[in-house]
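Read the structure below first, then the notes.
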Amino acid sequence: MSEPRFSVESRWKGTEHEPSIERMREIISELAVRDEEHPDAWLTHSDSGWILRLDEDRFAYLEDPECKIVAHMESIGPEQALQLWFRFATGGRQAIHREPWRDGGPHVSPVEQAAREARAKQLQLESDRSFYEILGTELQDLTCRFPGCTRGHIQHSVLCRVHHFEQIRGRKCPFDY
């Protein structure tokens, strides 16, 4: 079996290898629904590793194999997006190079950047809180094995909630200190 020529990462269903044009149309139509956590979908050209990403704000981004935005276009409607994906899937960058790309990513004002960062922090904290809560209560039959910790352990772990959180998430726990 040969390598797929391209793959598409859809918003909610993961990677699909060489989806049909009708399936690509469906994936693009999903971008009409706002979803802060999954705002985009992208097509990767397998031979080159280049990516053509589309987002719910009707932007198209051309990214190099390291996922760096090289160029962008705005106000991309669903049919234009489908044509871009189709041509990119079959011919790579060369097939779309004559489009009116603008160098780099779109300009984001400092106010908008600050708002995006604040929202990202809020979403991260909400995600962290959900994870922390599902860890459950600490049991007192055994002490947390983290050096110097006197808290109890959580079920299915030798660590307390805080230290289990830190081990899994790889960063300081923002709760219960």
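FYI, it's all coordinate maths here, none of it is from the lab. Nothing here was measured: the structure is a model prediction, and the numbers come from that model. A quick note on method: Cβ atoms are made from the backbone with ideal geometry, for glycine too, and the neighbour counts reach across all protein chains shown.
Through the Karplus equation 6.51 cos²θ - 1.76 cosθ + 1.60, θ set to phi - 60°, convert the phi angles of segment 161-176 into ³J(HN,Hα) values in whole Hz; use x for Gly and Pro.
Per-residue couplings from phi come out as 4, 4, 6, 5, 3, 5, 5, 6, 7, x, 7, 4, 6, x, 10, 6 Hz.
Any chance you could give the angle, 0 to 90 degrees and rounded to 10, that helix 78-91 forms with the longest Cα principal axis of the chain?
Here the helix axis deviates by roughly 80 degrees.
SER109 to HIS156: extension gain in nm, 0.36 nm per residue of separation minus the Cα-Cα distance?
12.3 nm
Tell me the label only: which of (1) 9.1; (2) 11.4; (3) 14.3 is mean projected area of the Cα convex hull in nm² as calculated from this structure?
The value computed from this structure is option (3).
On a 0 to 90° scale, report how tilted helix 110-134 is relative to the longest principal axis of the chain, with both axes built from alpha carbons and the result rounded to the nearest 10.
Tilt of helix 110-134: around 50 degrees.
So which GluC sites (Glu not before Pro) in segment 42-149 are both in a DSSP loop and have at most 15 other Cβ atoms within 10 Å of their Cβ?
In loop regions of segment 42-149 (DSSP not H, G, I, E or B), the sparsely surrounded GluC sites (Glu not before Pro) are GLU66, GLU74.
Which value, in debye to the nearest 20, gives the size of the charge dipole of the chain about its Cα centre, when Lys and Arg are +1 and Asp and Glu are -1 at the Cβ?
My answer is approximately 360 debye.
Taking the Cα centre as origin and putting +1 on Lys and Arg beta-carbons and -1 on Asp and Glu beta-carbons, what dipole magnitude results for segment 110-169, to the nearest 20 debye?
About 80 debye.
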